[in-house]
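Visitor: To start, I am sharing the structure in question, which I have written as structure tokens.
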Amino acid sequence: MTTTLRTFAATAAAALLLTLTACTSSDPAPTEQASASPSAEAEADSGPCAGVEVVVELPDLDLPESPAGATCVEADGPIAATDALAEAGLTTEGTEEYGDQVVCRVNGVPAEDFALTAEDGSEYFETCASMPAAFAYWSLWTQPAGGEWGYAEEGLATLELEPGERLALLFTVNGEPAAPTA
């Protein structure tokens, strides 16, 4: 399964890179600070997260409620990605075909009745039956302490994070954003 996920991630990264060569933006999407607890909020105000920072980014989709933001989750040792998301107040939904190995929705986004507009102007409604559309999907990223963002090499079910690391769920529509900006 890990080999399949790595192959999928590499294929998705290559396709995304080809798609994005003509449409990059230097305008980072704004995010709002959220916190899992008062101590996490105080920690975020005083500097870098001492635990694991969970970041959710997506382009402006005119959503009534957006899961976008960053949350510092307390962790003094390894923490499962699924636990970090839960502590950050985030829920994910997989697909019928691939289960939790593919993230289809984060806190209900995109809703099944929400129209996602492709570059050609057509509308798409995500049903979470199989793989999300190639132009509108959630990707999972990790960033080691002091390092660069990169596609996660494993899925949420098996991914563990160390204190100082960051986890991002990034929703990309028509190539934007191409990578986490936080």
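Visitor: Could you run through segment 87-127 and say how many residues are exposed (fewer than 15 other Cβ atoms within 10 Å of the Cβ) and either assigned to a strand (DSSP E or B) or among the hydroxyl-bearing types (S, T, Y) (or both)?
Guide: 6
Visitor: Any idea how many residues of segment 128-173 are touching a helix residue (DSSP H, G or I) at 6+ places or on another chain (Cβ under 8 Å), small (G, A, S) and either more than 12 Å from V103 (Cβ to Cβ) or part of a strand (DSSP E or B) (or both)?
Guide: 2
Visitor: Tell me, please, whether a residue that is surrounded by fewer than 19 Cβ atoms within 10 Å (Cβ to Cβ), farther than 23 Å from V52 by Cβ and out of contact with any Leu (no Cβ under 6 Å at 6 or more places or on another chain) can be found in segment 155-175.
Guide: yes
Visitor: Can you tell me how many residues within segment 102-117 are touching a strand residue (DSSP E or B) at 6+ places or on another chain (Cβ under 6 Å) and among the small types (G, A, S)?
Guide: Here the count works out to 1.
Visitor: Name the residue, out of A44, A15, A84, A9, that is at pLDDT 85 or above, small (G, A, S) and not in a loop (DSSP other than H, G, I, E, B).
Guide: Step by step, each of A44, A15, A84, A9 is checked, and only A84 is at pLDDT 85 or above, small (G, A, S) and not in a loop (DSSP other than H, G, I, E, B).
The values are calculated or read from the model by the stated rules, or taken from the named source; none is laboratory data. No experiment lies behind these values; they were computed from the predicted model shown. Heads up, the Cβs are rebuilt from the backbone with ideal geometry, glycines too, and the neighbour counts pull from every protein chain shown.
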